[in-house]
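Q: First the structure, then my questions, so here it is.
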Amino acid sequence: MRFVPQFTDGQAFPHELGKVVCVGRNYADHAKELDNPIPSEPLLFIKPASSVVDIQQPLSPPFNRGDIHYEVEIALLVGKTICDATPDEASEAITGLGLGLDLTLRDVQTQLKEKGHPWEIAKAFDGACPLSPFLPLSRVPNWNALAFTLEINGEERQHGEGADMIFTIPTLLAEMSRHFTLEAGDVILTGTPSGVGELPRGATLRLTLTGGLEITTSVIE
């Protein structure tokens, strides 16, 4: 069943889910932990709608395809269509804030990178993008004040803050809109902080975001 974007206050979202536009290496510490250079411009890629699942349901990633790494990220829900927008125009198009996991087949990605091939197989598989419900934007009006965490089996593994992004949310949105028309129902993933690692089978995950979002979910054995 296709994921349907929803707000935490029960408000209906009138558009179907679209594409998920992502950015790699938007936190300097994460780039360093994977021994990658810090980018001078956003490194963009896309996950299809078919990769999105409800993060509140037990996660069932393809463990038979090698190591799967978790990457927790702030997710933004696009509420109106924009193209080649200014940072201010792009910011005004966002209608909700949530959390997502950018699940990555790390062994597969490494092999693809070594060959100079695209990453899609490692990033866009079915179930590669678990998403939370979205807070109304009015709950958290300051991008730089955003903070989020991921705990695995009660241990904090990742902590990120909007103020630590290499490319701020308005800058990132504007750059994305230069390359892709962002449509109502699209979701933006804004990058992951350091602490990325292998997703354990049978784990309990707890995710939090400024504004009162708290999600607990599990991974299949």
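The values are calculated or read from the model by the stated rules, or taken from the named source; none is laboratory data. Because the structure is a prediction, the values reported are computed rather than measured. Every residue, glycine among them, receives a Cβ derived from its backbone with ideal geometry; neighbour counts consider all protein chains shown. Accessible surface areas use protein heavy atoms only, side chains included; no ligands, DNA or RNA. Shrake-Rupley method; radii C 1.70, N 1.55, O 1.52, S 1.80 Å.
Q: Whether any residue in the range 54-62 is of a type outside the set (Asp, Glu) and without any contact (Cβ under 8 Å) to a residue 60 or more places away in the chain is what I want to check.
A: No, the conditions are met nowhere in the range 54-62.
Q: Among the numbered criteria (1) in a helix (DSSP H, G or I); (2) within 25 Å of Thr171 (Cβ to Cβ), which one does Asn36 miss?
A: With (1) in a helix (DSSP H, G or I); (2) within 25 Å of Thr171 (Cβ to Cβ) applied to Asn36, the lone miss is (1).
Q: Select from the range 173-203 the residues that are of a type in the set (S, T, N, Q) and under 27 Å from Gln57 (Cβ atoms) and write down the one among them that is modelled with the lowest pLDDT.
A: Within the range 173-203, the first condition is being of a type in the set (S, T, N, Q), and the residues that meet it are 177, 181, 190, 192, 194.
Of the ones still in play, those that are also under 27 Å from Gln57 (Cβ atoms) are 190, 192.
Values: Thr190: 98, Thr192: 95.
For the range 173-203, the residue satisfying everything is Thr192.
Q: Now, a different point. Can you tell me which of Ala184, Ala163, Ala147, Ala128 is without any contact (Cβ under 8 Å) to a residue 24 or more places away in the chain and open to solvent by less than 70 Å² (accessible area, probe 1.4 Å)? Give the derivation first.
A: Values: Ala184 fails: without any contact (Cβ under 8 Å) to a residue 24 or more places away in the chain; Ala147 fails: without any contact (Cβ under 8 Å) to a residue 24 or more places away in the chain; Ala128 fails: without any contact (Cβ under 8 Å) to a residue 24 or more places away in the chain.
Unique residue meeting the criteria: Ala163.
Q: I'd like the residue in the range 37-60 that is open to solvent by less than 30 Å² (accessible area, probe 1.4 Å) and either of a type in the set (A, V, I, L, M) or out of contact with any strand residue (DSSP E or B) (no Cβ under 6 Å at 6 or more places or on another chain) (or both) and, out of all such residues, is modelled with the lowest pLDDT. Spell out the reasoning first.
A: Here is the first cut: in the range 37-60, the ones open to solvent by less than 30 Å² (accessible area, probe 1.4 Å) are 39, 42, 45, 47, 49, 51-52, 55, 59.
So of that shortlist, the ones also either of a type in the set (A, V, I, L, M) or out of contact with any strand residue (DSSP E or B) (no Cβ under 6 Å at 6 or more places or on another chain) (or both) come out as 39, 49, 52, 55, 59.
Numbers: Pro39: 83, Ala49: 97, Val52: 98, Ile55: 98, Leu59: 98.
Residue satisfying both the conditions and the ranking: Pro39.
Q: Can you tell me which of Glu214, Glu156, Glu151 is acidic (Asp, Glu), in contact with a Ser or Thr (Cβ under 7 Å, 6 or more places away or on another chain), closer than 29 Å to Gly66 by Cβ and part of a strand (DSSP E or B)?
A: On the way: Glu214 fails: closer than 29 Å to Gly66 by Cβ; Glu151 fails: in contact with a Ser or Thr (Cβ under 7 Å, 6 or more places away or on another chain).
Of Glu214, Glu156, Glu151, the one residue that is acidic (Asp, Glu), in contact with a Ser or Thr (Cβ under 7 Å, 6 or more places away or on another chain), closer than 29 Å to Gly66 by Cβ and part of a strand (DSSP E or B) is Glu156.
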